[in-house]
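Comments concern the structure below.
The values are calculated or read from the model by the stated rules, or taken from the named source; none is laboratory data. From a predicted model like this one, the values you see are computed outputs, not experimental measurements. Glycine also receives a Cβ, built like all others from the backbone with ideal geometry; neighbour counts cover every protein chain displayed.
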Amino acid sequence: MAAVESLASKRSIDSGGTKKLLIDGNWVSPSSGETFETRNPANNNLLGRIASGNARDIELAVGAARRAFEGPWSKFSPFERQRILLKFADLVEANFEDLCVLDTLDMGVPISLARSRKQRALGLIRFYAGLATTIHGDTIQNSIPGEFFTYTLKEPVGVVGAITPWNAPLTSTIWKLGPVLATGCTMVLKPAEQASLTPLRLGELLLEAGLPDGVVNIVTGYGETAGAALAGHMGVDKVAFTGSHFTGQKIIEAAKGNIKRVTLELGGKSPDIVFADADLDAAVPGAAMAVFMNSGQICSAGTRLLVERSIYDTFVGKVADYAKTLRVGDGLDPDTQIGPLVSAEQLARVKGYLAIGREEGAQALVGGDQLSGGAHADGFFVAPTVLAGVRNDMRVAQEEIFGPVLSAIAFDDFDEAARIANATSFGLGSGVWTRDVGKAHRMAKSIRAGTVWVNCYAAMDPAVPFGGYKMSGHGRESGTQHIDAYLETKSVIMKVA
Ligand code: ADP
């Protein structure tokens, strides 16, 4: 473990101990001179200091992105953009272990989980590299009197402001970079203040891959300053946001000045439905990890476990037994299955919901509190928690907790399961566990959510769209249509005779 720590510090902190901003191809100090600390949530150790960007830095970064958009980058052919993406993928592959360590140090993800995302991270970049050469308009038959030739051109939307969360720094940054570079847009990235180290390292790798100056700029800083300045900047054509629905609402408000294109990937309160006819040996760990993975800090986590009443007590008891076996600790330990929460604020928020759950009458079959003392003394750890006896109208069933807290609800039949599943403001993920294929298809059709996992949870692929219904956002990431949100359509109507 010590060897891994020293490798990480060599990569994540520069000689002065402060990470800078990436603007126009240069690493620069923030105009205010202000910095903030970034700490390891497993032990509260200081990892380094991060530049605190403000509106002035955003101004400079947007200016650089605009110049790059109108400059040589606009002449890059799809093949040339593809080549940069593929080179970047190779560099991410070569540095993958360091990037995993940075994710673990900065936001606590178990290193085993970070490593398991290798295919996903590299696959995403190479998938977008492939898409770069597939962009095309259409020729369209028309009925305009006379002789006309009509066709469409697809053109990059322009400067993209990308605002990302802390819960999966590597993959969420790649999710924003991929479509930007594939389509020929440029970008100002504002990473989450809790986890900026990985995005900054990706900035170094992009420069190494030969990306022209100003195509990707990174302004670290707080949401209310750097983030708000980016979302409201009149020189930004599109905002791509991932985060809470509260902030998503602010983004929509901030984006109205110049009618920015906006895509939002927001929160969820996803139902995971277990029928009595399911393969319960698979469903127990499946349902548990649907919520406990990444300490529940996943927007599509299956936090509402809906169980058919005939097996409710047995099944929920088994999930609680499984939760007891999970090893909670420092993510750098390869045996750790559940890491800390990202911050003291997040810990306070989750503990607040545990108290609310108790007041509402839910019973914690396992967990229910912070883990403190021993190896957990200085970190932000919460025991994996299974709340039984939950009704869907309780706050612990309606509000996103973003912690390792499962709310188990009983249902009597298919229709009631579908009704409860949809009785939420959100619609991001969902799960169905059954051996009856027809039932699985019918439930997949009944649930109003962007993804339905059947007899599995959280499996993803770059080619499969991901995104939300209702208050979980709009737009989709991944899938061949993702790049449409980064393209404008121009119609050309030409009189030819
Ligand atoms: P969380 O509450 O889980 O940290 P947020 O939605 O607040 O989730 O954070 C997601 C991203 O949004 C982060 O990069 C954060 O800095 C940014 N952010 C927060 N507030 C604002 C805001 N008012 N305007 C723009 N970005 C913001």
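Which of the residues that make up segment 151-171 are outside any loop (DSSP other than H, G, I, E, B) and either under 20 Å from Y222 (Cα atoms) or at pLDDT below 95 (or both)?
V160, G161, A162, I163, P169, L170
To keep it simple, each residue is scored yes or no on (1) of a type in the set (A, V, I, L, M, F, W, C); (2) in contact with a Phe, Trp or Tyr (Cβ under 6 Å, 6 or more places away or on another chain).
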| residue | (1), (2) |
| --- | --- |
| T183 | no, yes |
| Y222 | no, no |
| F241 | yes, no |
| L266 | yes, no |
| P271 | no, no |
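Exactly one of (1) of a type outside the set (V, I, T); (2) in contact (Cβ under 8 Å) with a residue 60 or more places away in the chain; (3) touching a strand residue (DSSP E or B) at 6+ places or on another chain (Cβ under 8 Å); (4) not assigned by TED's automatic domain parsing to the domain that holds A168 is unmet by R261. Its number?
R261 satisfies all of (1) of a type outside the set (V, I, T); (2) in contact (Cβ under 8 Å) with a residue 60 or more places away in the chain; (3) touching a strand residue (DSSP E or B) at 6+ places or on another chain (Cβ under 8 Å); (4) not assigned by TED's automatic domain parsing to the domain that holds A168 except (4).
With the structure loaded, tell me whether L102 is closer than 30 Å to F402 by Cα, in contact (Cβ under 8 Å) with a residue 24 or more places away in the chain and touching a Ser or Thr at 6+ places or on another chain (Cβ under 9 Å) or whether it fails that test.
yes
Output the residue which, of all residues in segment 233-244 that are crowded, with 21+ Cβ neighbours inside 10 Å and more than 8 Å from the ligand (Cβ to nearest atom), is farthest from the chain's Cα centre (by Cα).
By that ranking, first place goes to H233.
Does segment 163-177 contain any residue that is at positive phi and buried (at least 24 other Cβ atoms within 10 Å of the Cβ)?
Checked segment 163-177: no residue is at positive phi and buried (at least 24 other Cβ atoms within 10 Å of the Cβ).
Among the residues of segment 204-221, are any closer than 20 Å to D106 by Cα, surrounded by fewer than 24 Cβ atoms within 10 Å (Cβ to Cβ) and within 16 Å of the ligand (Cβ to nearest atom)?
no
Under the condition of being within 30 Å of R83 (Cα to Cα) and not in a loop (DSSP other than H, G, I, E, B), which residue from segment 130-150 is farthest from the chain's Cα centre (by Cα)?
T139
Residue check, L365 against (1) within 14 Å of A408 (Cα to Cα); (2) buried (at least 24 other Cβ atoms within 10 Å of the Cβ), all met but one. Which one?
In the conditions (1) within 14 Å of A408 (Cα to Cα); (2) buried (at least 24 other Cβ atoms within 10 Å of the Cβ), L365 misses (2) alone.
Given (1) surrounded by fewer than 24 Cβ atoms within 10 Å (Cβ to Cβ); (2) outside the structural domain of V160 (by TED's automatic domain parsing); (3) touching a residue at least 24 places away in the same chain (Cβ under 8 Å), identify the lone condition not met by A283.
(1)
Only one of (1) surrounded by fewer than 23 Cβ atoms within 10 Å (Cβ to Cβ); (2) more than 30 Å from S295 (Cβ to Cβ) fails for A68. Which number is that?
Going through (1) surrounded by fewer than 23 Cβ atoms within 10 Å (Cβ to Cβ); (2) more than 30 Å from S295 (Cβ to Cβ) one by one, A68 breaks only (1).
Do we have any residue at all in segment 129-144 that's aliphatic (A, V, I, L, M), within 30 Å of E193 (Cα to Cα) and out of contact with any His (no Cβ under 7 Å at 6 or more places or on another chain)?
For segment 129-144, residues aliphatic (A, V, I, L, M), within 30 Å of E193 (Cα to Cα) and out of contact with any His (no Cβ under 7 Å at 6 or more places or on another chain): present.
In segment 395-422, what residues are away from the ligand (no atom under 16 Å from the Cβ) and in a loop (DSSP other than H, G, I, E, B)?
Listed by number, the residues that qualify are D412, D413.
Name, by its number, the condition in (1) away from the ligand (no atom under 16 Å from the Cβ); (2) touching a helix residue (DSSP H, G or I) at 6+ places or on another chain (Cβ under 7 Å) that does not hold for N167.
The single condition N167 does not satisfy is (1).
Could you check how many residues of segment 247-284 are within 11 Å of the ligand (Cβ to nearest atom) and within 28 Å of A444 (Cα to Cα)?
The number of residues fulfilling the criteria is 5.
Look through A195, A226 and report the one residue that is in a loop (DSSP other than H, G, I, E, B), within 12 Å of the ligand (Cβ to nearest atom) and buried (at least 24 other Cβ atoms within 10 Å of the Cβ).
Within the list A195, A226, the selection yields A195.
Output yes when any residue across segment 91-103 is in a strand (DSSP E or B), of a type in the set (D, E, K, R) and under 22 Å from the mean Cα position of the chain (by Cα), and no when none is.
No.
Have a look at L181, L205, L153, L177 and point out the one that is touching a Gly at 6+ places or on another chain (Cβ under 9 Å) and either of a type in the set (A, V, I, L, M, F, W, C) or within 20 Å of R117 (Cβ to Cβ) (or both).
When all the criteria are applied, what remains is L153.
Taking only pairs six or more apart or across chains, which ones have beta-carbon atoms under 6 Å, a first residue in segment 231-254 that is closer than 23 Å to G178 by Cβ and of a type outside the set (A, V, I, L, M, F, W, C), and a second residue that is modelled with pLDDT of 95 or more and near the ligand (Cβ under 7 Å from one of its atoms)?
T242/T164; T242/P165; G243/P165
Please find, among L264, L306, the residue that is under 19 Å from the mean Cα position of the chain (by Cα) and in a strand (DSSP E or B).
Result: L264 is the single residue among L264, L306 that is under 19 Å from the mean Cα position of the chain (by Cα) and in a strand (DSSP E or B).
Quick one: would you say G431 is on the phi > 0 side of the Ramachandran plot and either surrounded by fewer than 22 Cβ atoms within 10 Å (Cβ to Cβ) or under 26 Å from the mean Cα position of the chain (by Cα) (or both)?
no
Okay, residues lined up against (1) within 23 Å of the chain's Cα centre (by Cα); (2) without any contact (Cβ under 8 Å) to a residue 40 or more places away in the chain:
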residue: R327; (1), (2): no, yes
residue: Q337; (1), (2): yes, no
residue: V342; (1), (2): yes, no
residue: R349; (1), (2): yes, no
residue: E360; (1), (2): no, yes
residue: Q363; (1), (2): no, yes
residue: H376; (1), (2): no, no
